[in-house]
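Everything below concerns the one structure shown next.
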Amino acid sequence: MAVLEILEFPDPRLRTRAEPVEAVDDSTRELIADMFETMYEAPGIGLAATQVNVHRRLLVMDVSEGATQPMVFINPEYEVLDDELGEYDEGCLSVPGFYETVSRPQRIRVTALDREGESFTTELEGLAAICLQHEVDHLDGKLFVDYLSPLKRQRIRKKLEKDQRRRA
């Protein structure tokens, strides 16, 4: 297993729409293991393949208290079960150090493949539902900052660009 580099906003590769995973094989399972290691090391609760510059429709997440319930979603598709929106302060491993309030549906039904390539359907609510929607946005080339005002988005962009220049 390896810790992968996480792309940071405003990297244009984060805007790439991910392609479906055609086959769940050993290389896919190796990527999943690397993504979990990267996510836990960061630390985070979700990570989409797009964030590690792999443009396939795959995400991992673990919203449990002790990081004991890893979940894998390959080619995820979801439907909203309840139109009631919940407001959460979202953060993102690709937008480090920033948390902003975003409104999203709180109950969804997800259909995906697991790490063995088996199809499953599950209902998620609360933080798990929010996290999955956030990660699917990544697979579609969208970031949580896209939900913010242009002024806030620009402020975050300038700060991160400054931080990236300083590290270079």
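The values are calculated or read from the model by the stated rules, or taken from the named source; none is laboratory data. If you're wondering where the values come from, they're calculated on a predicted model, not measured in any experiment. Here the Cβ is made from the backbone with ideal geometry for all residues, glycine too, and neighbour counts use every protein chain on show. What goes into the accessible areas is simple: the full protein's heavy atoms, side chains included, and nothing from ligands, DNA or RNA. Shrake-Rupley method; radii C 1.70, N 1.55, O 1.52, S 1.80 Å.
Overview of values
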item: CD proxy at 222 nm, helix term only [per DSSP H run n ≥ 4: -39500 (n - 2.57); per residue of the chain; nearest 500]; result: -9000 deg cm²/dmol
item: Ranked order, 122, 68 - accessible area, probe 1.4 Å, largest first; result: 68, 122
item: FRET E, pair residue 161, residue 119, Förster distance 41 Å, beta-carbon r, rounded to 0.05; result: 0.50
item: Positive-end extreme of charge dipole, the chain - chosen from 7, 55, 151 (charges on Cβ); result: 151
item: Per residue value of the accessible surface for the range 1-94 (all protein chains in place, 1.4 Å probe), Å²; result: 52 Å²
item: Local electrostatic count, residue 162, Cβ distance below 14 Å [Lys/Arg +1, Asp/Glu -1]; result: +4
item: Accessible carbon and sulfur surface of the range 49-168 relative to its total accessible area, %, 1.4 Å; result: 45 percent
item: Sulfur and carbon atoms: percent of accessible area, the range 1-48 [1.4 Å]; result: 50 percent
item: Rounded to the nearest 10 Å², the accessible area of residue 84 at probe 1.4 Å; result: 110 Å²
item: Beta bridge orientation in the chain: antiparallel %, DSSP, nearest 5; result: 95 percent
item: Relative contact order (percent, whole number), the range 29-162, Cα cutoff 8 Å, 6+ residue spacing; result: 21 percent
item: Theoretical FRET efficiency, 1/(1+(r/R0)^6), r = Cβ-Cβ of residue 154 and residue 77, R0 30 Å, to 0.05; result: 0.40
item: Dipole magnitude of the range 113-166 about its Cα centre (Cβ charges: Lys, Arg +1; Asp, Glu -1), debye to nearest 20; result: 1020 debye
item: Total charge dipole magnitude, the range 62-157, about the Cα centre, Cβ charges on Lys, Arg, Asp, Glu only, Debye to nearest 20; result: 600 debye
item: Rounded accessible area of residue 139 (nearest 10 Å², 1.4 Å probe); result: 0 Å²
